[in-house]
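Below you'll find the structure I mean.
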Amino acid sequence: MTTLPQRIMTTTFACAETEPVTFGFAKNALLRRIEPLNSQPVPLSDACERITAEDIIAQEDLVPYARSAMDGYALRSIDTVGASVDSPLRLPIIGKVFTGDRQSILAAGAVIGITTGAAIPINADAVVPHEQVTVRDQWIILNRSVAAGDCIFPPAEDVRKGEVLLKRGSVLDPGSLGLLAFAGKSQIRVYRRPRVSLLCTGSELVEVNETPGCGQVRNSNASVLTGVLSQCGAETRYCGAISDTSTQLRSALESAARNTDLLITTGGASVGERDLVKSVLEEIGTEFEFRRVAMRPGKPFAFGWLRGLPICVLPGNPAAAFVCYQQLVRPLLLKLAGRNEIDLPTLPATLVGNAKSKVGSQYFVFANVKVSRFGFLVEPLNNQCSALVRNPAKANALITLPEGPALYKRGDEVMVQILNWSSILHENSTSM
């Protein structure tokens, strides 16, 4: 069984089964004792999508010398004063500098040919592009004066020494990796990836490659949750689908709780005769902070600790399990992973259609967001049944409705959480 990590305190606040806690209480309870996992150094080549475990500071100016922004001629701006169409200026070309060459020295009253990115010669303070001069033999003819700094990248234009390149908790995307490579960071300290055990329960479940009999269904929760866990950087161990019997559940839960940072179960979370997960977890030592949440879908969600191991008990209905993951498990997991941003992106949108909330629960409504010239529009899916598998596949957003009762009509502004930006942008691009 997992030993007590130093990052977790085990004081609990047990709640009666019949008293669901508010959604705000539940989210706070999940997050308040979670700290990021330990960190480890990894090569820059293996750091994509990892989370930085420290602020990364530039150790030098990048780059420390002025560079040419154009192919042209480096010169002293003072030598071009008075040049015009009526009074062109002739300056001799005394050499050429390429990218990668050492810094040269420019004599007064002369120019040096230069390529884009090459170091500006000592004494030069401007570059005039090829297309703005006429070249005859080894002279340029200039029809205008040039200002100091023209066509020059100044020193430290990208980064200054001591600047924070990335803050702790940042996701290392390809652009960030390029910046760190430019800064000479061949090794990065990142947080360890969370290890998650996923155990699905339900005597009705069969695996994907099996043919369900009467009363059986294929296990879709395992595929959905494995996918969203992977998106958040977790290393997921699928522990199978277990029948609703105390003996099998006990053995499976004890096994799933070993060598993991988070245990997630689905199914058996309500109050029916075969909803045994919470009681069996209690038997093996789990202390629950709460057993139900005033939210729809997802009311049976529970959270507790098993000797320092956080455990999230999700309902078995696919749409409800998906909402519970997005609203409660995802923030916990991302905090465990060391991420700064742990909540889904949220924005206001204009409602197309109707939505309602009832007293006593926070509502999450599967919906689709579109972009119009008037802003974001959001339309609820027709069927919000928590047992539907298709809703998480069809929706790109969730409408969040505070505890009601309240009726929201077409044209009302509601808050939406974005699940899939790419589908929103693709829909917008194909409709233009």
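Report whether or not Ile418 is in contact with a helix residue (DSSP H, G or I) (Cβ under 8 Å, 6 or more places away or on another chain), β-branched (Val, Ile, Thr) and either within 25 Å of Pro318 (Cβ to Cβ) or surrounded by 13 or more Cβ atoms within 10 Å (Cβ to Cβ) (or both). Give the steps one after another, and end with the answer.
Numbers: in contact with a helix residue (DSSP H, G or I) (Cβ under 8 Å, 6 or more places away or on another chain): yes; β-branched (Val, Ile, Thr): yes; either within 25 Å of Pro318 (Cβ to Cβ) or surrounded by 13 or more Cβ atoms within 10 Å (Cβ to Cβ) (or both): yes.
It is true that Ile418 is in contact with a helix residue (DSSP H, G or I) (Cβ under 8 Å, 6 or more places away or on another chain), β-branched (Val, Ile, Thr) and either within 25 Å of Pro318 (Cβ to Cβ) or surrounded by 13 or more Cβ atoms within 10 Å (Cβ to Cβ) (or both).
Could you run through region 292-315 and say how many residues are out of contact with any Pro (no Cβ under 8 Å at 6 or more places or on another chain) and open to solvent by 10 Å² or more (accessible area, probe 1.4 Å)?
Residues in region 292-315 being out of contact with any Pro (no Cβ under 8 Å at 6 or more places or on another chain) and open to solvent by 10 Å² or more (accessible area, probe 1.4 Å): 2 in total.
What pairs can you find where one residue is in region 291-313 and in contact (Cβ under 8 Å) with a residue 12 or more places away in the chain and part of a strand (DSSP E or B), the other is acidic (Asp, Glu) and open to solvent by less than 20 Å² (accessible area, probe 1.4 Å), and their Cβ atoms are less than 7 Å apart, with a gap of 6+ or different chains?
Listed by first residue and then by second, the contacts come to Phe303/Glu289; Gly304/Glu289.
Being surrounded by fewer than 16 Cβ atoms within 10 Å (Cβ to Cβ), modelled with pLDDT of 95 or more and not basic (Lys, Arg) is true for just one of Pro41, Pro121. Which residue is that? I'd like the intermediate steps shown before the answer.
Working: Pro121 fails: surrounded by fewer than 16 Cβ atoms within 10 Å (Cβ to Cβ).
On inspection, the qualifying residue turns out to be Pro41.
What number of residues within region 363-377 satisfy the criterion of being within 25 Å of the chain's Cα centre (by Cα) and surrounded by fewer than 21 Cβ atoms within 10 Å (Cβ to Cβ)? I'd like the intermediate steps shown before the answer.
In the first step, residues of region 363-377 are kept if they are within 25 Å of the chain's Cα centre (by Cα); the result is 363-371, 375-377.
Of the ones still in play, those that are also surrounded by fewer than 21 Cβ atoms within 10 Å (Cβ to Cβ) are 368, 370-371, 375-377.
Of the residues in region 363-377, 6 are within 25 Å of the chain's Cα centre (by Cα) and surrounded by fewer than 21 Cβ atoms within 10 Å (Cβ to Cβ).
Still on this structure: Restricting region 187-204 to residues that are under 18 Å from the mean Cα position of the chain (by Cα) and part of a loop (DSSP other than H, G, I, E, B), which is nearest to Asn317 (Cα to Cα)?
It comes out as Pro194.
While we're looking at this one, here's another question. Counting only residues that are in a loop (DSSP other than H, G, I, E, B) and free of Cβ contacts under 8 Å to residues at least 60 places away in the same chain, which one in region 124-146 is least open to solvent (accessible area, probe 1.4 Å)? Spell out the reasoning first.
Of the residues in region 124-146, the ones in a loop (DSSP other than H, G, I, E, B) are 124-125, 137-138, 143-146.
From what's left, free of Cβ contacts under 8 Å to residues at least 60 places away in the same chain: 124-125, 137-138.
Working: Ala124: 19, Asp125: 53, Asp137: 139, Gln138: 113 Å².
Per the stated criteria, the residue is Ala124.
Would you confirm whether or not region 362-376 contains a residue that is in contact (Cβ under 8 Å) with a residue 12 or more places away in the chain, more than 25 Å from Ser230 (Cβ to Cβ), in contact with a Gly (Cβ under 8 Å, 6 or more places away or on another chain) and part of a loop (DSSP other than H, G, I, E, B)? Explain how you work it out, then say what you get.
Our first condition is that a residue be in contact (Cβ under 8 Å) with a residue 12 or more places away in the chain; within region 362-376, this holds for 362-371, 374-376.
Retained after the next criterion (residues that are more than 25 Å from Ser230 (Cβ to Cβ)): 362-363, 365, 370-371, 374-376.
Restricting the remaining residues to those that are in contact with a Gly (Cβ under 8 Å, 6 or more places away or on another chain) gives 363.
If we keep only those that are part of a loop (DSSP other than H, G, I, E, B) as well, we get none.
There is no residue in region 362-376 that is in contact (Cβ under 8 Å) with a residue 12 or more places away in the chain, more than 25 Å from Ser230 (Cβ to Cβ), in contact with a Gly (Cβ under 8 Å, 6 or more places away or on another chain) and part of a loop (DSSP other than H, G, I, E, B).
Within the group Glu17, Glu60, which residue is part of a loop (DSSP other than H, G, I, E, B), at pLDDT 95 or above and either at negative phi or not small (Gly, Ala, Ser) (or both)?
Numbers: Glu17 fails: at pLDDT 95 or above.
Checking each option against the conditions leaves just Glu60.
Could you tell me whether Leu177 is touching a residue at least 12 places away in the same chain (Cβ under 8 Å) and assigned to a helix (DSSP H, G or I)? Break it down stepwise before answering.
Working: touching a residue at least 12 places away in the same chain (Cβ under 8 Å): yes; assigned to a helix (DSSP H, G or I): yes.
Judged against the criteria, Leu177 is a match.
Right, next: Only one of these is at pLDDT 95 or above, of a type in the set (A, V, I, L, M), in contact with an Asp or Glu (Cβ under 8 Å, 6 or more places away or on another chain) and within 14 Å of Leu75 (Cβ to Cβ): Val127, Val111, Val133. Name it. Steps first, answer last, please.
On the way: Val111 fails: in contact with an Asp or Glu (Cβ under 8 Å, 6 or more places away or on another chain); Val133 fails: in contact with an Asp or Glu (Cβ under 8 Å, 6 or more places away or on another chain).
Selected residue: Val127, the only one of Val127, Val111, Val133 that is at pLDDT 95 or above, of a type in the set (A, V, I, L, M), in contact with an Asp or Glu (Cβ under 8 Å, 6 or more places away or on another chain) and within 14 Å of Leu75 (Cβ to Cβ).
Rundown of residues vs (1) farther than 23 Å from Ile342 by Cα; (2) touching a Phe, Trp or Tyr at 6+ places or on another chain (Cβ under 8 Å); (3) in a loop (DSSP other than H, G, I, E, B), yes/no style:
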{"site": "Ser223", "(1), (2), (3)": "no, no, no"}
{"site": "Gly233", "(1), (2), (3)": "no, no, yes"}
{"site": "Tyr238", "(1), (2), (3)": "yes, no, no"}
{"site": "Ala241", "(1), (2), (3)": "yes, no, no"}
{"site": "Leu249", "(1), (2), (3)": "yes, no, no"}
{"site": "Ala269", "(1), (2), (3)": "yes, yes, yes"}
{"site": "Arg274", "(1), (2), (3)": "yes, no, yes"}
{"site": "Val280", "(1), (2), (3)": "yes, no, no"}
{"site": "Phe322", "(1), (2), (3)": "no, no, no"}
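Do we find a residue being open to solvent by less than 50 Å² (accessible area, probe 1.4 Å), out of contact with any His (no Cβ under 7 Å at 6 or more places or on another chain) and in a loop (DSSP other than H, G, I, E, B) anywhere in region 339-348? Walk me through how you get there before you give the answer.
Just the residues of region 339-348 that are open to solvent by less than 50 Å² (accessible area, probe 1.4 Å), to begin with: 342, 344, 347.
Filter once more, so that each one left must be out of contact with any His (no Cβ under 7 Å at 6 or more places or on another chain): 342, 344, 347.
Applying the additional criterion that residues be in a loop (DSSP other than H, G, I, E, B) yields 342, 344.
Within region 339-348 (the criterion being open to solvent by less than 50 Å² (accessible area, probe 1.4 Å), out of contact with any His (no Cβ under 7 Å at 6 or more places or on another chain) and in a loop (DSSP other than H, G, I, E, B)), the answer is yes, since at least one residue qualifies.
Which residue, of Arg330, Arg410, is in a loop (DSSP other than H, G, I, E, B) and among the charged types (D, E, K, R)? I'd like the intermediate steps shown before the answer.
Numbers: Arg330 fails: in a loop (DSSP other than H, G, I, E, B).
Being in a loop (DSSP other than H, G, I, E, B) and among the charged types (D, E, K, R) holds for just one of Arg330, Arg410, which is Arg410.
Which residue is most open to solvent (accessible area, probe 1.4 Å), if the candidates are limited to region 203-230 and must be touching a helix residue (DSSP H, G or I) at 6+ places or on another chain (Cβ under 9 Å) and either without any contact (Cβ under 8 Å) to a residue 40 or more places away in the chain or of a type outside the set (Ser, Thr, Tyr) (or both)?
Here is the first cut: in region 203-230, the residues touching a helix residue (DSSP H, G or I) at 6+ places or on another chain (Cβ under 9 Å) are 205, 207-208, 220-221, 224-225, 228-229.
Subset that is either without any contact (Cβ under 8 Å) to a residue 40 or more places away in the chain or of a type outside the set (Ser, Thr, Tyr) (or both): 205, 207-208, 221, 224-225, 228-229.
Working: Leu205: 37, Glu207: 56, Val208: 90, Asn221: 15, Val224: 55, Leu225: 5, Val228: 15, Leu229: 0 Å².
It comes out as Val208.
Of all residues in region 378-411, count the ones that are open to solvent by less than 60 Å² (accessible area, probe 1.4 Å) and either among the small types (Gly, Ala, Ser) or farther than 30 Å from Ser223 by Cβ (or both).
8
Where residues in region 243-273 are at pLDDT below 95 and of a type in the set (A, V, I, L, M), which of them is surrounded by the most Cβ atoms within 10 Å (Cβ to Cβ)?
For region 243-273, the residue satisfying everything is Ala269.
So which residues in region 165-202 are open to solvent by 60 Å² or more (accessible area, probe 1.4 Å) and in contact with a Gly (Cβ under 6 Å, 6 or more places away or on another chain)?
Arg193
Among the residues of region 71-100, write down those that are open to solvent by 70 Å² or more (accessible area, probe 1.4 Å) and within 45 Å of the chain's Cα centre (by Cα).
The answer is Asp71, Phe98, Thr99, Gly100.
The values are calculated or read from the model by the stated rules, or taken from the named source; none is laboratory data. Please read these numbers as outputs of a predicted model, since none were measured by experiment. In this analysis, Cβ positions are derived from the backbone assuming ideal geometry, glycine residues included, and neighbour counts consider all displayed protein chains. In case anyone asks, the SASA skips ligands and DNA or RNA and just uses the protein heavy atoms, side chains included. Shrake-Rupley method; radii C 1.70, N 1.55, O 1.52, S 1.80 Å.
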